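Written out below as structure tokens is the structure these notes cover.
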Amino acid sequence: MVTTKHYIKILASVTCILLICGLLISCNYLGPTVDKQPSPTETDNSNNNNESKESITPILSSSLDYGLLNVADTVEEVRPSVVSIVSETVVISRYGRPRPAFGSGTGVIFTAAGLVLTNNHVIEKSNSITVTMEDGTQEKAKLIGSDPMSDLAVLKLPSGPYPYLPLAINSKPRVGDWVIAIGNALALPGGPTVTVGVISALGRSLEVANGITLFDLIQTDTVINPGSSGGPLLNLSGELVGINTAVQRFSDTGTLVEGVGFAINVQTATLISQQLVDLGRVRWAWIGAFLDDLDPRRAAEAGLPIREGVVVLNLFKDGPAHKYGVKRGDIILSLDDHKVGTTQTLAKHMRQTFAPGDEIQVELYRNGERITIPIILEERPKI
């Protein structure tokens, strides 16, 4: 028997159910009917829904990230052409006795015949050069030619053929490109060290030992350590874009810096290596003078109408400048219409614009006048 109390409970339950259903119906109705529009990644294809799914654009761009995710494949392919170099020199101990000293670096085999490209400072003044291949095989290498001005050297292995990495002169690196460095860092046993970074800047200049300046360098944040000098800087396709050369550890004010490494670009390396193979040296144009930058403050104090130029401090006897009438105190303003504001600019033109034997027009400021004299450049003497 259903009591009044039970009846009231049942009635209340039914009422709640009806109210809930009414709310759900009302909510469904209040929302206006909208035809579903295809999203930007969907294709209107009523015949095949699978084709619609395949047209969705992936989040990652295959052109960028496929290569980045396959650094290991690139390294595996290139490593047989990367060698470790140990150079032996003789130094005089503090007791006045000769003793052997060793230095380490890296090199790149760039021809099947066994030509190896490395840095000059890796093999400089060496009596013996030992090259270790990827498989641990060691060979004595012969020095074909070296050049302190560009910090490059070419070695020759005794037999062949060898796996090699061609000089990719058509490669056009860009700031922001991913790059891979391989090198014999710290001469650690077990094979070369691999690091990855980006190209931070192009066209950098860096003054190195003995006042020599390297031009048109690639700057990278890829980690480069002692022993990595002479090793390859690669793009993600495994092409050689530079030869790792130097790291800047401190700023001009002595502040510790990180992630500032430099590599000689492959175009420069190609031109230099060709001369080293053909001639055993590099023929640089030479004007034959000791130079310094004009100090704009002192120029203003002296009442000079110019603020930029290169001051001739002294002359090499019988050098080109001496022969053709340049005098101490002259200020060089231009070379063949190329404005010369600093010694670095002048040195860069001697490296890249002119060659020994070229006759150039040199504009000078002397005794309040601008004059122009012709000079025939000569080959720079060996350092």
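Rule-based calculations on the coordinates, nothing more; no lab input. Computed from a prediction, not measured in an experiment: that's the story for all the values here. Neighbour counts run over all protein chains shown; Cβ positions are idealised from the backbone, glycine included.
Rank the residues T118, T130 as a footprinting-exposure proxy: fewest other Cβ atoms within 10 Å of their Cβ go first.
Taking fewest neighbouring Cβ atoms as first place, the list is T130, T118.
I need two numbers for region 81-225: Rg to one decimal and Dmax as a whole number, Cα atoms only, in Å.
16.4, 53
Mind listing which GluC sites (Glu not before Pro) in region 224-326 are in a DSSP loop and have 15 or fewer other Cβ atoms within 10 Å?
E258, E308
Given 0.36 nm per residue, what is the gain on full extension from R174 to L304 after removing their alpha carbon distance, in nm?
This chain segment gains 42.6 nm when fully extended.
With an 8 Å Cα cut-off and a minimum separation of 6 or more residues, compute the relative contact order for region 231-337 in percent.
Relative contact order comes out at 16 percent.
Residues of region 346-365 with the amide nitrogen closer than 12 Å to a label point 7 Å from the Cα of T372, along Cα-to-Cβ, please.
Residues 360-364 fall inside that zone.
Kindly put Y164, Y95 in sequence by how many other C-beta atoms sit within 10 Å of each C-beta, fewest to most.
Fewest to most other Cβ atoms nearby, the residues stand as Y95, Y164.
How would you rank S87, S93, going from fewest to most other Cβ atoms within 10 Å of each one's own Cβ?
S93, S87
Using the charge dipole of region 80-156 (Lys, Arg: +1 at Cβ; Asp, Glu: -1 at Cβ; taken about the Cα centre), state which of T132, V122, F102 has its Cα farthest towards the positive end.
F102
Place a point 7 Å from the Cα of S205 along the Cα-to-Cβ direction; which residues of region 349-381 have their backbone N under 17 Å from it?
Answer for this model: 349-354.
For K317 and F290, calculate 0.36 nm times their separation in residues minus their Cα-Cα distance, and state this gained length in nm to one decimal.
8.6 nm
Using alpha-carbon pairs under 8 Å, 6+ residues apart, how would you state the relative contact order of region 178-279 in percent?
Relative CO of region 178-279 lands at 25 percent.
Listed highest first by mean packing, meaning other Cβ atoms within 10 Å per residue, what order do 214-226, 241-253 come in?
Per-residue mean Cβ counts within 10 Å order the peptides as 214-226, 241-253.
If Lys and Arg each add +1 and Asp and Glu each add -1, what is the summed charge of the other residues whose beta carbon sits under 10 Å from the beta carbon of L315?
+2
Shape call for region 155-295 from the C-alpha gyration tensor, a ≥ b ≥ c root eigenvalues: rounded (a/c under 1.5), prolate (a/b greater than b/c) or oblate?
Cα axes put region 155-295 in the oblate bin.
What is region 285-379's relative contact order, in percent, from Cα pairs under 8 angstrom and six or more apart in sequence?
With pairs under 8 Å counted, the relative contact order is 30 percent.
Would you mind checking K348/K382; K317/K348; K142/K382; K172/K348; K125/K172; K125/K327 for any pair whose Cα atoms are more than 25 angstrom apart?
K125/K172; K125/K327
Please give the FRET efficiency for Q352 paired with N70, using the beta carbon to beta carbon distance and R0 = 30 Å, rounded to the nearest 0.05.
The pair Q352/N70 has a calculated efficiency of 0.25.
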